[in-house]
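The structure appears below as structure tokens.
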Amino acid sequence: MSCYASILAENPYFSRYPRGFSKILTKKKQERIVLKIRNLESGYGKLKVLKHVSMHVDAGEIVTIIGANGAGKTTLLSTISGLLKVNSGEMVFEGTSICGLPPAKIPALGCVMVPEGRQVFATMSVEENLILGGHVIQKQGKKVLRELLDHQYQLFPILKERRTQLAGTLSGGEQQMLAMGRALMSSPSLVMMDEPSTGLAPLIVREIFEVIERLRDEGNTVLLVEQNAKAALSIADRGYVLETGKVIVQGPAEDLLANADVQRAYLGRERIEN
Ligand SMILES: Nc1ncnc2c1ncn2[C@@H]1O[C@H](COP(=O)(O)OP(=O)(O)OP(=O)(O)O)[C@@H](O)[C@H]1O
Ligand SMILES: [Mg+2]
């Protein structure tokens, strides 16, 4: 039994809130919709960015949103996270409408974001950052917290080595791993990642993408926003291409990789080659 499966078996909190970690250990997909968005519109004051965006994420999938600078990718994640007001449309997470919910409520439902630029707490240690990520499950007691912490250290061995080091002194790749580990500490149903490859060397990018694949293979559900379209599509199950706030193409990742328009616009110059 995996670490998370054993936590689930012992802990009624997790069975009330079935989260990704308990699920499939293979690539077989569950057909349970975790997030469904319909005709979403949002923006910044008078600036309308997202225009009738519809999409969904099923449990156990990696879904990627690709698009150029300014396409609205971060705006989409910020809107799902409750940081931006919804002008119109619907967002349903795990069967609950999340439109209009305050940002603090969304992670508590199991929807967490790894923000662009990591945003770790620089003056706190690696372990303190991780423990903060687990505040949602803190009332479950120290044992659960410890097991989640151990799982992050298993997933990211470098974080264990650096556990007492101040987060601000980590390398960019280590900070990205810490930001991912911190998000996973709440045992979420959905992890949203905004450009995890930004500013990292190709080898580190590869490592980060391998971890994201491993997360999916352990049963987690990931919404991955990336400009690095080739790398993202090579690990994703499905993808959406966002252009000036609209979804212009969507489908299985292998279809998008083979799509001539997508190739021309987004797969020309990549940071990692397969
Ligand atoms: N805080 C803000 N206030 C006003 N306009 C904003 C704000 N943030 C983003 N925008 C605008 O919204 C549009 C979409 O930006 P967004 O950051 O969502 O794009 P993106 O796809 O994430 O781009 P990138 O790949 O560069 O991160 C852009 O035109 C941008 O200038
Ligand atoms: Mg962005």
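Readers should treat all values here as calculations from the given coordinates under stated rules, not as data from a laboratory. Just so you know, these numbers come straight off a predicted model, no measurement behind them. Here Cβ is always computed from backbone atoms with ideal geometry, including for glycine, and neighbour counts include all displayed protein chains.
Summary of values
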{"read-out": "Members of region 100-128 that are closer than 23 Å to Tyr153 by Cα and within 16 Å of ligand 1 (Cβ to nearest atom)", "value": "Met113, Val114, Pro115, Glu116, Gly117, Arg118, Gln119"}
{"read-out": "Some residue of region 50-63 being free of Cβ contacts under 8 Å to residues at least 40 places away in the same chain, surrounded by fewer than 19 Cβ atoms within 10 Å (Cβ to Cβ) and more than 29 Å from Leu257 (Cα to Cα)", "value": "no"}
{"read-out": "Gly72 being of a type outside the set (A, V, I, L, M) and surrounded by 22 or more Cβ atoms within 10 Å (Cβ to Cβ)", "value": "yes"}
{"read-out": "Among the residues listed as Leu159, Leu166, the single one being crowded, with 22+ Cβ neighbours inside 10 Å and more than 17 Å from the chain's Cα centre (by Cα)", "value": "Leu159"}
{"read-out": "Residue that is nearest to ligand 2 (Cβ to nearest atom), among those in region 60-81 that are of a type in the set (A, V, I, L, M, F, W, C) and more than 18 Å from Pro107 (Cβ to Cβ)", "value": "Ala71"}
{"read-out": "Residues of region 64-107 satisfying the condition of being in contact (Cβ under 8 Å) with a residue 60 or more places away in the chain and outside any loop (DSSP other than H, G, I, E, B)", "value": "Thr64, Ile65, Ile66, Lys73, Thr74, Thr75, Leu76, Leu77, Ile80, Phe93, Pro107"}
